[in-house]
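Below you'll find the structure, written out as structure tokens, and then a few comments.
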Amino acid sequence: MRPLTQALPGAVTALLRGVPISAGKVSFAWRVAVGPGVERVSSVRLDGSTLFVDVTDQRWANEIARSSPVILNRLQRLLGPDVVSRLDVRGT
């Protein structure tokens, strides 16, 4: 028997991959990938395979851009390898 903390990521991935791509699915995957703190200060929109990330502050934009390889990897594991190929981060 595996601990719940090890089983949940696989369960979330299996659930997400079985559902068609939608704005809600992408937003949920974003929250799982970055956590509630970053999710609160950002909004996302998928256009083609580019995920546009708008944030409330340039400092957040810099932090997300710096972390984009890790975030992109998480999103690809959650949504599938071909759904998001790059992040375009914009601060206001």
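The values are calculated or read from the model by the stated rules, or taken from the named source; none is laboratory data. What you are looking at is a predicted structure, and each value in this text was computed from that prediction instead of being measured. Every residue, glycine among them, receives a Cβ derived from its backbone with ideal geometry; neighbour counts consider all protein chains shown. SASA here: full protein model, heavy atoms, side chains in, ligands and nucleic acids out. Shrake-Rupley method; radii C 1.70, N 1.55, O 1.52, S 1.80 Å.
Pick from the range 42-86 the residues that are open to solvent by less than 30 Å² (accessible area, probe 1.4 Å) and in contact with a Phe, Trp or Tyr (Cβ under 9 Å, 6 or more places away or on another chain): which of them is modelled with the lowest pLDDT? So the residue we want is L78.
Tell me, yes or no, whether the range 40-56 has at least one residue that is in contact (Cβ under 8 Å) with a residue 60 or more places away in the chain and under 23 Å from P20 (Cα atoms). No, because not a single residue in the range 40-56 is in contact (Cβ under 8 Å) with a residue 60 or more places away in the chain and under 23 Å from P20 (Cα atoms).
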